[in-house]
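Encoded as structure tokens, the structure appears first; notes follow it.
The values are calculated or read from the model by the stated rules, or taken from the named source; none is laboratory data. As the structure is a prediction and not an experimental result, all values here were calculated from the model. Note that each Cβ is placed from the backbone with ideal geometry, even for glycine, and that neighbours are counted across all protein chains shown.
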Amino acid sequence: MTLQQLRYLCGVVDHGFSVSNAARVLFTSQPGISKQIQALEQELGIEILIRQGNRITGTTPAGAEVVEMARRTLQSAENIRRIGGDHAPRDKLRLVVATTHIHARYVLRPVIARYVREHPEVELVLRQGSPAQIEQWVASGDADLGVGGNTPDPLRELVFLRCGELQRSVLVSRDHKLRRARRISFALLAEYPLITLDVSFSGGSAVINGFAEAGITPTIVLTATDADVIKSYVALGLGIAVLPTIAYEPERDRELAAIDASHLFKPTVTQLQLRRGSYLQAHMIDFISTAYPRWTKRAIADALAA
């Protein structure tokens, strides 16, 4: 039994039981993956995967247990590697942070600036995606940690640390008549074309859910995944937008105006995402503590062990 066999097995499961997709991500061949998994099954004397012709459709009951243990073993191996990395001399460390555009562009900007100045030995990589993608990247080890909103079905392989909330504002062009309203309502907002974040992002789903709970259907003219793109179209007069308040920068967004909407839309939670049972190297803990001081080394360790 080898770590490579376990890695290939988990790769196939993680990619919807598609050997071709797993091979592409793992930079190997389909026959190579199939051969290694079959060798593992022969060694254990059980069938791990359910096969129908040339297709893999799932895991056997015993196979599901093997996959769970394989994940733990791979995580332990990764932890051992990280412990070595903490103590062995290295020219350059690497930290991969998976996050959304909103967090990368606005929430984490001062944090990243400070961290890079204080840790020149670390290569910081930002990987942007939706909350669901972020969870997958952290769970698979493609990212060391994630920062973003929540998802409807959080992965059980992860630990989620609550870090804060994002309130919302309505962004309009500076000459928009909505600015003259004494107090905005869902009914009033629905009178104007709406530009919104995609619902795969918590910021987008929070807006759509807010209207739905009020029993009002807005007229959506444009959906995007980037707040800066949305703001550019608001400035063109294409519609109004509901975005996290932090995305409005008065000095930069001189063509826009913001109207508080915290009484209409529920705040979205910002959370830190870590692999359950993972070992965090010193430079990873430093990033977390820089971003969210309440999460000290001890607090993080307690959360991961819970």
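Okay, residues lined up against (1) outside any helix (DSSP H, G or I); (2) under 11 Å from the mean Cα position of the chain (by Cα); (3) modelled with pLDDT under 95; (4) buried (at least 21 other Cβ atoms within 10 Å of the Cβ):
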| position | (1), (2), (3), (4) |
| --- | --- |
| 138 | no, yes, yes, yes |
| 147 | yes, yes, no, yes |
| 150 | yes, yes, yes, no |
| 163 | yes, no, yes, no |
| 170 | yes, no, no, yes |
| 179 | no, no, yes, no |
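Exactly one residue among 74, 40 is in contact with a helix residue (DSSP H, G or I) (Cβ under 8 Å, 6 or more places away or on another chain), assigned to a helix (DSSP H, G or I), surrounded by 14 or more Cβ atoms within 10 Å (Cβ to Cβ) and modelled with pLDDT under 85, and that residue is 74. Restricting attention to the stretch 134-161, the residues that are closer than 22 Å to residue 267 by Cβ and either in the same structural domain as residue 207 (by TED's automatic domain parsing) or among the polar types (S, T, N, Q) (or both) add up to 2. Can you work out which of the residues in the stretch 237-255 that are part of a loop (DSSP other than H, G, I, E, B) and among the small types (Gly, Ala, Ser) is surrounded by the fewest Cβ atoms within 10 Å (Cβ to Cβ)? It comes out as 237. Looking only at the stretch 173-194, decide whether some residue is in the same structural domain as residue 243 (by TED's automatic domain parsing), closer than 29 Å to residue 129 by Cα and among the β-branched types (Val, Ile, Thr). Scanning the stretch 173-194 turns up no residue that is in the same structural domain as residue 243 (by TED's automatic domain parsing), closer than 29 Å to residue 129 by Cα and among the β-branched types (Val, Ile, Thr). Restrict the check to the stretch 87-96 and report whether at least one residue is surrounded by fewer than 16 Cβ atoms within 10 Å (Cβ to Cβ), basic (Lys, Arg), modelled with pLDDT under 95 and assigned to a strand (DSSP E or B). Yes, that holds for at least one residue. For residue 284, the conditions (1) within 30 Å of residue 121 (Cβ to Cβ); (2) part of a strand (DSSP E or B) are fulfilled apart from (2).
Filtered by the rule that a residue be under 20 Å from the mean Cα position of the chain (by Cα), of a type in the set (A, V, I, L, M, F, W, C) and assigned to a helix (DSSP H, G or I), the stretch 97-128 gives 102, 104, 107, 111, 112. Of all residues in the stretch 184-217, those satisfying the criterion of being of a type outside the set (Phe, Trp, Tyr), touching a residue at least 60 places away in the same chain (Cβ under 8 Å) and either part of a loop (DSSP other than H, G, I, E, B) or surrounded by fewer than 16 Cβ atoms within 10 Å (Cβ to Cβ) (or both) are 184, 185, 198, 200. Checked against (1) in the same structural domain as residue 189 (by TED's automatic domain parsing); (2) within 22 Å of the chain's Cα centre (by Cα); (3) in a helix (DSSP H, G or I), residue 234 meets all criteria but (2).
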